[in-house]
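Visitor: If you scroll down you'll find the structure; I have some questions about it.
The values are calculated or read from the model by the stated rules, or taken from the named source; none is laboratory data. In this text, all values refer to a predicted model and were calculated from it rather than measured experimentally. Cβ sites come from the backbone with ideal geometry, for glycine too, and all protein chains shown count toward neighbours. SASA here: full protein model, heavy atoms, side chains in, ligands and nucleic acids out. Shrake-Rupley method; radii C 1.70, N 1.55, O 1.52, S 1.80 Å.
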Number of protein chains: 4
Amino acid sequence: MKALIIHAPGDLRVEDVPTPETGPHQLLVKVRCGGICGSDLHYYQHGGFGTVRLQEPMVLGHEVSGVIEAMGAQVTGFAVGQRVAVSPSRPCGQCRYCQQGLQNHCLDMRYYGSAMRMPHVQGAFRQELVAEVAQAHLLADSVSDAEGALAEPLSVALHAVRRAGPLVGKHVLITGCGPIGALLVIAARRAGATHITVTDVAAAPLRSAEKVGADEALNVAQDPQALARYEADKGFFDVLFEASGNERALVGAFGALRPRGIIVQVGLGGEMKLPINMIVAKEFDLRGAFRFHEEFATAVALLNKGLVDVKPLISATLPYRDAGRAFALAADRSQAMKVVLNFD
Amino acid sequence: MKALIIHAPGDLRVEDVPTPETGPHQLLVKVRCGGICGSDLHYYQHGGFGTVRLQEPMVLGHEVSGVIEAMGAQVTGFAVGQRVAVSPSRPCGQCRYCQQGLQNHCLDMRYYGSAMRMPHVQGAFRQELVAEVAQAHLLADSVSDAEGALAEPLSVALHAVRRAGPLVGKHVLITGCGPIGALLVIAARRAGATHITVTDVAAAPLRSAEKVGADEALNVAQDPQALARYEADKGFFDVLFEASGNERALVGAFGALRPRGIIVQVGLGGEMKLPINMIVAKEFDLRGAFRFHEEFATAVALLNKGLVDVKPLISATLPYRDAGRAFALAADRSQAMKVVLNFD
Amino acid sequence: MKALIIHAPGDLRVEDVPTPETGPHQLLVKVRCGGICGSDLHYYQHGGFGTVRLQEPMVLGHEVSGVIEAMGAQVTGFAVGQRVAVSPSRPCGQCRYCQQGLQNHCLDMRYYGSAMRMPHVQGAFRQELVAEVAQAHLLADSVSDAEGALAEPLSVALHAVRRAGPLVGKHVLITGCGPIGALLVIAARRAGATHITVTDVAAAPLRSAEKVGADEALNVAQDPQALARYEADKGFFDVLFEASGNERALVGAFGALRPRGIIVQVGLGGEMKLPINMIVAKEFDLRGAFRFHEEFATAVALLNKGLVDVKPLISATLPYRDAGRAFALAADRSQAMKVVLNFD
Amino acid sequence: MKALIIHAPGDLRVEDVPTPETGPHQLLVKVRCGGICGSDLHYYQHGGFGTVRLQEPMVLGHEVSGVIEAMGAQVTGFAVGQRVAVSPSRPCGQCRYCQQGLQNHCLDMRYYGSAMRMPHVQGAFRQELVAEVAQAHLLADSVSDAEGALAEPLSVALHAVRRAGPLVGKHVLITGCGPIGALLVIAARRAGATHITVTDVAAAPLRSAEKVGADEALNVAQDPQALARYEADKGFFDVLFEASGNERALVGAFGALRPRGIIVQVGLGGEMKLPINMIVAKEFDLRGAFRFHEEFATAVALLNKGLVDVKPLISATLPYRDAGRAFALAADRSQAMKVVLNFD
């Protein structure tokens, strides 16, 4: 079968890889759709991000859906031919964090298409994938393969939302509206936020955020003071989701955030210089949000029941053989939100 | 002007009352719609509930909307002719609970149409009503007067939902689907619950609950064991909203509720005999939910933005002069969910 | 070796049992001290409690300390001759509750000396005990064997305290001051409670509670209205630990508990008739507390560092061959708080 | 009467000020002791801190105790001659934050000896002070005047501890052990922390921290890698209190803090450059802690009951006429922890 293997920055190849054995408790999934994530782009463009660097060829990809082709002898609860979204996350279940219900901090995590450990964990941009039953979640007929591939980034957004605590009746600000920012609009609305403002430095992502329900979309490149109107009485927003990874976005929102405001930092960035005095004086609560665990099942349940609609975020679906074109499109924020690869 | 005054069980009269003075910080509201609440019915049928008993004639009613007729000289932010939902709750702002942000436990609360204190606080089923600005919330043009009157019971449901903590991805059980139970379906869904089962002993309320989005409606009169299917592995539901005030409903749900399950008790009832051993062994968390405070603004915001739809719960709108017929209809669960009085 | 085996109510025998094999990851512990718990007494006096009933002979006991006699080949971090407190709790680690960090709700729990499952889990009142390394916690030289045996009930109290949330500056009421109630005084004080009132119906336990630091000890048999002084302004206490399992104790405290007060129910009891209206109107939060998990390590750490002093609660230490006398003494609240058996 | 007035950096004068009127609900307090705080030092040395700058002469001081000299006609619950600790905090009680129980974020706060607003709020380093009854807290005979003056910084520490959530059984790291760091040792221990490590760059403060109960005191000037031993398995500490205001202290602790670790930032500092990637990947929770509200009553209760001992932190008590010498001593970390002025 074919897989998309990154060898070095810019060097992404379609290559043959052997189909792995399917264990007695595992599923063999014929991959249909795979979404291109920001981290895939970073491997493609820069060979990694932060301290995470490619050290050997690696199959990319971790946002996939497909159809069950075969099952191990011990598997129950699934049937060949069923469509599934596959979570890329395989925690060990044994370490102290797994035993505390914090599987996203597993000491022995295997996460598809990640160069965090050596040897790298091979990814899911491939025609056939072996998965544990715990990774597979059945898709309803009403959910397309491409939507199913979005279960993973939706899980990231849902995890961030859960890190924020209850959102019913809250005023929410989201800085940065790439795919994660836009999915945060959907997730925060689903969680009951009554007011959602988004900011970005580009027009197209802001339009997408409005399409999925933002009350207000502010271009802070055109108007750097756009949030100033929210600074009266020590601030208006209860919760900030920072999804840009940009220091100016984070710090620029502090004045509009009320005392005891909650900041959920989702965007990865390098170092940021923060006015710690303001964090102290306004008693902000800045929380990191990293990946997800039980939120994958929630994402699929919301998709299956039509309680969220991610379709407006799917910009294009391209065949995996056109990966170069697909990655170029995914990198162009003026044209694309989420680009999906088709592995049929 | 006219008002609906309860004198004794069954003795509800349309009588003239004087229009009160509008203070410099107050609004005079021409009442348009008023919803009949279960507590109104209790005053009408039994002269009260629990230890709360009518001791003097009292204007009934606390779920109202109307239009601003006049304003005190110091009022800003409102204009004559604007439509508002009016919160019945007027906490003192000074006592130790108000200063802790727990205004619903105010030591000097004034709540429209309540016989909890003596003299009773006169209610809002009247043609003109004086309200503090903090009680008035502007309605969008898209929200009807009758929907506006439902802001109050929706606030009760939203408060109960907030008492439960985050609901994103949660499995929710609601026992009892009168108006509050049905509004809990709406509120729990808005807060992100992925599965909502409701139970009741009558068919009509169950159908209403389905109309507003319940995934499953179980008639526990017809099948007392209907919840047994959820008892495997110590239970399925994460959260139970008990809205019937019935001991059997509460206790009957314990087996289907997972360990550490949260029970929000909304329904008032008398004494209940509870298996305290199971509360201990499964470490349930049984929380009372009483009235609301900031949730009134949230209710109006959700209505204004079309983020909830309460219209399916409005069974009928009758002129206030037909109060007897309206109360009889409101008391008939086979025919009515929420009955609204028209005060024009 | 010898063990204390309960055959039927009142029929507790010293009998020979074989020493089990020590697996490669296990420890063989020579038991030195074992505390008699209320549940041991229930087996002895009534053959069980609630629905939990003796169905076959069972070694009693789950509060023990001892010295490591031998170790499996794979064990690290321990040495023969070291003294340990042994947790009676052995969760499976695999089920959904273990994977959520809720090991006390394990679907396949093995807990020493418990008839909850069949075959019963044999207990720790024996001369030699095989334990997993995760069950063993090193005791400091400053901690006596008898104090080490109290690590288990102290864990129960600490778990209840953690269920209550932060206690710094809180006013705490504890109803019932048997060993668990008295340990709750110690634990609540350690957690920062500034005011602790205890109630009981007997003088001796109240004196013990004062010895371990209660600010006030009220005999509600002598003065049933003793708590009335705390009912002004809707109540004084922030948190109630109910450790008697008695309905009157629980309900009798409601008036003295402030709105939003937290009730941690520790005492097992049968059914209780509760004024649900008051739970709703005061928005109490009634939480069950059952056993413990990570609190065992905390209990041993607090004992080792001298941050708690449980010595005043140890009424007597008797040889295991005098079990009958020891159990009789343990059952006499006028004479005994915690009775410890010596297995040397 | 005399007061200590700061006119400019280094220009602190003993001057006559008029005794203010005592209103009907107020107390006139003869000040006995006043502790010199880090912010007092900043006004004295630099004329302010951050954006807060002296713009007019201001009486310094906000950590005081004294004796009631006179009372307004409406005051109850106090008597002339009683000794009190006086909270410097006077929130308005009306604004939206006060009504949410967040009085430390009051929009109209008056805090003794603070140049945050103009005109400045005059301070409490004076012989006579008028206070609201809500500011005064009775001291037990066992508590000295100097200890009473420490109620204020102890409140700051208790507030920070409450911001951290429950500490029972937690591993706590405190970076920076000036007076606030040392009081955090006391407060964290009182709240149930089982392990407390402190770090500083100077020997004397570390010794003080040990005196008040730290398990371990690490000099990170001598051994910058002192915390490395705690980095295995993603970190050891559950909670970090950062009390130095130093970027290196904060960032240097990240490796030793476990995933989901809580950081309470107490120390004010300017901007800090933070590795935001690590905050995200380890899902830290960085919370500002600013001043206090209800914790002042808790501080006094803990002092009155002997549940905390702050005496080891009182380095010296000097007459207010020697303010220059006292401030010089307070600024010398090798010699002084808390320096107290005597106003008799």
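Visitor: Which number in (1) farther than 30 Å from residue C:232 by Cα; (2) in contact (Cβ under 8 Å) with a residue 60 or more places away in the chain marks the one condition that residue B:71 misses?
Guide: Going through (1) farther than 30 Å from residue C:232 by Cα; (2) in contact (Cβ under 8 Å) with a residue 60 or more places away in the chain one by one, residue B:71 breaks only (2).
Visitor: Looking at residue C:334 and the list (1) within 10 Å of another protein chain (Cβ to nearest Cβ); (2) surrounded by fewer than 22 Cβ atoms within 10 Å (Cβ to Cβ), which single condition is not satisfied?
Guide: (1)
Visitor: Restricted to segment C:154-170, and to residues that are charged (D, E, K, R) and more than 7 Å from chain D (Cβ to nearest Cβ), which residue is least open to solvent (accessible area, probe 1.4 Å)?
Guide: The residue in question is C:163.
Visitor: Do we have any residue at all in segment C:20-27 that's more than 17 Å from residue C:87 (Cβ to Cβ) and within 14 Å of chain B (Cβ to nearest Cβ)?
Guide: Within segment C:20-27, none of the residues are more than 17 Å from residue C:87 (Cβ to Cβ) and within 14 Å of chain B (Cβ to nearest Cβ).
Visitor: Give the residues of segment D:317-329 that are touching a helix residue (DSSP H, G or I) at 6+ places or on another chain (Cβ under 6 Å) and either open to solvent by 10 Å² or more (accessible area, probe 1.4 Å) or not aromatic (Phe, Trp, Tyr) (or both), sorted by residue number. Full working, then the answer.
Guide: Pass one, segment D:317-329, residues touching a helix residue (DSSP H, G or I) at 6+ places or on another chain (Cβ under 6 Å): D:317-318, D:327.
Within segment D:317-329, D:317, D:318 qualify.
Visitor: Does residue D:32 satisfy the condition of being in contact with a helix residue (DSSP H, G or I) (Cβ under 9 Å, 6 or more places away or on another chain), assigned to a strand (DSSP E or B), open to solvent by 10 Å² or more (accessible area, probe 1.4 Å) and not small (Gly, Ala, Ser)?
Guide: Yes: the conditions hold for residue D:32.
Visitor: Considering (1) open to solvent by 10 Å² or more (accessible area, probe 1.4 Å); (2) among the acidic types (Asp, Glu); (3) in contact with a His (Cβ under 7 Å, 6 or more places away or on another chain), say which one residue B:295 fails and leave the rest.
Guide: With (1) open to solvent by 10 Å² or more (accessible area, probe 1.4 Å); (2) among the acidic types (Asp, Glu); (3) in contact with a His (Cβ under 7 Å, 6 or more places away or on another chain) applied to residue B:295, the lone miss is (1).
The rows are residues; the columns are (1) more than 23 Å from the chain's Cα centre (by Cα); (2) farther than 20 Å from residue C:181 by Cβ.
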| residue | (1), (2) |
| --- | --- |
| C:244 | no, no |
| C:258 | yes, yes |
| C:262 | no, no |
| C:271 | no, yes |
| C:282 | yes, yes |
| C:291 | no, no |
| C:299 | no, no |
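Visitor: Take segment D:63-86 and flag every residue that is within 18 Å of residue D:125 (Cα to Cα) and open to solvent by 10 Å² or more (accessible area, probe 1.4 Å). First the steps, then the outcome.
Guide: Kept after step one, since they are within 18 Å of residue D:125 (Cα to Cα), are these residues of segment D:63-86: D:63-69, D:83-86.
Scanning segment D:63-86 gives D:67, D:69, D:83.
Visitor: Going by what's in this entry, would residue A:144 be described as away from chain B (no Cβ under 14 Å) and within 15 Å of residue A:33 (Cα to Cα)?
Guide: So residue A:144 passes the test.
Visitor: Would segment C:12-28 turn up any residue that is of a type in the set (A, V, I, L, M, F, W, C), under 20 Å from residue C:329 (Cα atoms) and at pLDDT 95 or above?
Guide: Checked against the condition, which is being of a type in the set (A, V, I, L, M, F, W, C), under 20 Å from residue C:329 (Cα atoms) and at pLDDT 95 or above, segment C:12-28 yields at least one hit.
Visitor: Specify which of the listed residues (D:238, D:223, D:233) is farther than 26 Å from residue A:106 by Cα and either open to solvent by 40 Å² or more (accessible area, probe 1.4 Å) or touching a Lys or Arg at 6+ places or on another chain (Cβ under 9 Å) (or both). Steps first, please.
Guide: Working: D:238 fails: farther than 26 Å from residue A:106 by Cα; D:233 fails: farther than 26 Å from residue A:106 by Cα.
D:223 is the lone residue from the list that is farther than 26 Å from residue A:106 by Cα and either open to solvent by 40 Å² or more (accessible area, probe 1.4 Å) or touching a Lys or Arg at 6+ places or on another chain (Cβ under 9 Å) (or both).
Visitor: Which of the residues belonging to segment A:87-107 are open to solvent by 20 Å² or more (accessible area, probe 1.4 Å) and polar (S, T, N, Q)?
Guide: Result: A:94, A:99, A:100.
Visitor: Hey, among B:273, B:311, B:282, which residue is surrounded by fewer than 18 Cβ atoms within 10 Å (Cβ to Cβ), in contact with a strand residue (DSSP E or B) (Cβ under 9 Å, 6 or more places away or on another chain) and at pLDDT 95 or above? Don't jump to the end; show me each part of the working.
Guide: Numbers: B:311 fails: in contact with a strand residue (DSSP E or B) (Cβ under 9 Å, 6 or more places away or on another chain); B:282 fails: surrounded by fewer than 18 Cβ atoms within 10 Å (Cβ to Cβ).
The match here is B:273.
Visitor: Let me ask something additional. Hey, could you check segment B:136-153 for residues that are under 18 Å from the mean Cα position of the chain (by Cα) and among the charged types (D, E, K, R) and say which is surrounded by the fewest Cβ atoms within 10 Å (Cβ to Cβ)?
Guide: By that ranking, first place goes to B:145.
Visitor: Taking segment A:109-135 on its own, how many of its residues are outside any loop (DSSP other than H, G, I, E, B) and either of a type in the set (Phe, Trp, Tyr) or within 17 Å of the chain's Cα centre (by Cα) (or both)?
Guide: The number of residues fulfilling the criteria is 4.
Visitor: Moving to a separate point now. Taking interchain pairs and intrachain pairs at least six residues apart, which have beta carbon atoms under 8 angstrom, with the first residue in segment C:93-112 and within 10 Å of chain A (Cβ to nearest Cβ) and the second of a type in the set (Phe, Trp, Tyr) and assigned to a loop (DSSP other than H, G, I, E, B)?
Guide: So the pair list comes out as C:103/C:97.
Visitor: Just give me the residues in segment A:177-189 being open to solvent by 10 Å² or more (accessible area, probe 1.4 Å) and either over 19 Å from the mean Cα position of the chain (by Cα) or more than 9 Å from chain B (Cβ to nearest Cβ) (or both), in sequence order.
Guide: Within segment A:177-189, A:178, A:179, A:180, A:186 meet the criteria.
Visitor: Pairs under 8 Å by beta carbon, first residue within 11 Å of chain D (Cβ to nearest Cβ) in segment C:284-308, partner of a type in the set (Ser, Thr, Tyr) and assigned to a helix (DSSP H, G or I), six or more apart or different chains?
Guide: Every condition considered, the pairs that remain are C:292/C:155; C:295/C:155; C:296/C:155; C:298/C:155; C:299/C:155.
Visitor: Scan segment C:308-319 residue by residue and report those that are over 22 Å from residue C:205 (Cα atoms) and not in a strand (DSSP E or B). Break it down stepwise before answering.
Guide: From segment C:308-319, those over 22 Å from residue C:205 (Cα atoms) are C:319; that's our starting set.
Across segment C:308-319, there are no qualifying residues.
Visitor: Quick test of your reading of the structure: residue B:256 fulfils all but one of (1) small (Gly, Ala, Ser); (2) open to solvent by 10 Å² or more (accessible area, probe 1.4 Å); (3) within 17 Å of residue B:285 (Cβ to Cβ); (4) more than 14 Å from chain C (Cβ to nearest Cβ). Name the failing condition by number.
Guide: (2)
Visitor: So, in segment A:54-92, of the ones that are of a type in the set (Asp, Glu) and not in a loop (DSSP other than H, G, I, E, B), which residue ends up farthest from the other protein chains (Cβ to nearest Cβ)?
Guide: A:69
Visitor: Report yes if residue B:192 is part of a loop (DSSP other than H, G, I, E, B), open to solvent by 10 Å² or more (accessible area, probe 1.4 Å), within 12 Å of chain A (Cβ to nearest Cβ) and not hydrophobic (A, V, I, L, M, F, W, C), otherwise no. Talk me through it step by step, then tell me what you get.
Guide: Details: part of a loop (DSSP other than H, G, I, E, B): yes; open to solvent by 10 Å² or more (accessible area, probe 1.4 Å): no; within 12 Å of chain A (Cβ to nearest Cβ): yes; not hydrophobic (A, V, I, L, M, F, W, C): yes.
Criteria not met by residue B:192.
Visitor: From the residues in segment C:259-283 that are more than 7 Å from every other protein chain (Cβ to nearest Cβ) and free of Cβ contacts under 8 Å to residues at least 40 places away in the same chain, which one is farthest from residue C:171 (Cα to Cα)?
Guide: Top of the filtered list is C:278.
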